[in-house]
Each structure stands twice: as C-alpha cells, then as structure tokens.
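Everything below concerns the one structure shown next.
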Amino acid sequence: MEHHEEKKGLLAEAVALREGGRKEEAREALVALAASHPDDAEIAYQTAWAHDVLGLEAEAVPYYERALTEAETGTETGLTEEDRRGALLGLGSTYRVLGRYEDAVTLLTGAVGEFPEDGALRAFLAMALYNTGQHHESVRTLLRLLAATSEDPSVRAYKRAIEHYAEDLDAME
C-alpha cells in the first residue's frame, strides 16, 4: 500500500508541474515514472499528455497506446472514463497531426461509437475524415454536431433542415 501511495504522490507532483507551466520538468518526471511503472495506464496517459503539450506528438504516441492497451487488458490501474475519453481524443488527434489519417479515422470512429455524446471526438473525427478525402462524411459529421449542440437561435430555427441535409448533402428539396 505504501508503494501505491508513493506512486500516486509522484504522479500528482508531476501533474502539478505540468499544470504550473513547468512542462519539461513534468515530462522528465513522468518519463521516469512510466519507466518504473510500465503497466500503469494512468501514468502512461499523463506521460503522453506531457509530451503533447510540448509539441512532441511522435513521442506521445507510444504512451497513449500503452495507456489504452493497459486500460483494455484490465490491469489494476486502468483509466477513468474521463481519462479514457481524453486518451482516445489525444491519440486520435496526434495520429492526425502526424499524418496518420487512416489511423486517426479508425481510432476516432471507435471512440465516437463508445462515447457518441462527446462533441469533441466527433469534431476531431470530422477533421480526420476530411484529411482522408472523405469530405462528404466530414461535412455530414460537422452538420450533425452543429444541429445537436448549437445554442445559436438561427441555427436552432433551422435544426430540422440542417439534420435533413446532413443525411443527403446533394438533396435539392
């Protein structure tokens, strides 16, 4: 138990460093923590995030992948639902930034299936769809998101029409 509490304390310190703007120190601390706890999904996720905020997307990928793999294998230290969403979004976005568009579409499509109410996942999926040349599906996804989430009164007034045309962008009526 003492070891677990020590690990949680070190993780909290590293996250506090990142949140306090000491991003490189946080990354170094998390890399060391991830090396000593390779099966800990939460540490892997936080380490991925620490790389992402420094613009080190390629270095973030294996940590995101480890976090999601460990979470799926049912280890004792999985991810919370919120962190799982964050890891899926982070990895999907990172794949896209790295030009791994098909990987981004595959991952984000699965993530949207798992968390259909998450608008950010749908927005990043739309961007990845655009990058793969699936422009029709990209716009459809964005229009559905707009219709479902906009508070703009003029959009709300045309919600049904937007939803209708999202299903068939070539419709004339």
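Please specify each residue of the range 35-47 satisfying the condition of being part of a helix (DSSP H, G or I) and within 21 Å of the chain's Cα centre (by Cα).
Looking only at the range 35-47, we keep the residues that are part of a helix (DSSP H, G or I), and these are 35-36, 41-47.
Correct list: ALA41, GLU42, ILE43, ALA44, TYR45, GLN46, THR47.
Does THR94 count as closer than 27 Å to PRO38 by Cα and at pLDDT 95 or above? Spell out the reasoning first.
Working: closer than 27 Å to PRO38 by Cα: yes; at pLDDT 95 or above: yes.
Taking the combined requirement at face value, the residue satisfies it.
If I go through the range 148-164 residue by residue, how many of them are more than 28 Å from the chain's Cα centre (by Cα) and of a type in the set (S, T, N, Q)?
Selection size over the range 148-164: 1.
Against the definition (loosely packed, with under 13 Cβ neighbours inside 10 Å, more than 24 Å from ALA123 (Cα to Cα) and more than 14 Å from the chain's Cα centre (by Cα)), how does ALA12 come out, yes or no?
Spelling it out, ALA12 is indeed loosely packed, with under 13 Cβ neighbours inside 10 Å, more than 24 Å from ALA123 (Cα to Cα) and more than 14 Å from the chain's Cα centre (by Cα).
Given the condition among the hydrophobic types (A, V, I, L, M, F, W, C), surrounded by fewer than 16 Cβ atoms within 10 Å (Cβ to Cβ) and touching a residue at least 12 places away in the same chain (Cβ under 8 Å), answer yes or no: does some residue in the range 136-145 qualify?
Kept after step one, since they are among the hydrophobic types (A, V, I, L, M, F, W, C), are these residues of the range 136-145: 139, 142-143, 145.
Going one step further and asking which of them are surrounded by fewer than 16 Cβ atoms within 10 Å (Cβ to Cβ), we end up with none.
No: the range 136-145 contains no residue that is among the hydrophobic types (A, V, I, L, M, F, W, C), surrounded by fewer than 16 Cβ atoms within 10 Å (Cβ to Cβ) and touching a residue at least 12 places away in the same chain (Cβ under 8 Å).
Which of the following residues is at negative phi, in contact with a Gly (Cβ under 9 Å, 6 or more places away or on another chain) and β-branched (Val, Ile, Thr): VAL105, VAL61, VAL139?
Details: VAL61 fails: in contact with a Gly (Cβ under 9 Å, 6 or more places away or on another chain); VAL139 fails: in contact with a Gly (Cβ under 9 Å, 6 or more places away or on another chain).
Unique residue meeting the criteria: VAL105.
In this structure, is ALA32 surrounded by fewer than 16 Cβ atoms within 10 Å (Cβ to Cβ), at pLDDT 90 or above and part of a helix (DSSP H, G or I)?
Numbers: surrounded by fewer than 16 Cβ atoms within 10 Å (Cβ to Cβ): yes; at pLDDT 90 or above: yes; part of a helix (DSSP H, G or I): yes.
Against the criterion (surrounded by fewer than 16 Cβ atoms within 10 Å (Cβ to Cβ), at pLDDT 90 or above and part of a helix (DSSP H, G or I)), ALA32 qualifies.
Which residues, counting only those in the range 85-125, are outside any loop (DSSP other than H, G, I, E, B) and free of Cβ contacts under 8 Å to residues at least 24 places away in the same chain?
ASP103, THR106, LEU107, LEU108, THR109, GLY110, VAL112, GLY113, ARG122, ALA123
The values are calculated or read from the model by the stated rules, or taken from the named source; none is laboratory data. Here the structure is a predicted model, which means the values were calculated and not measured. Note that we place each Cβ from the backbone using ideal geometry, even for glycine, and neighbour counts take in every protein chain shown.
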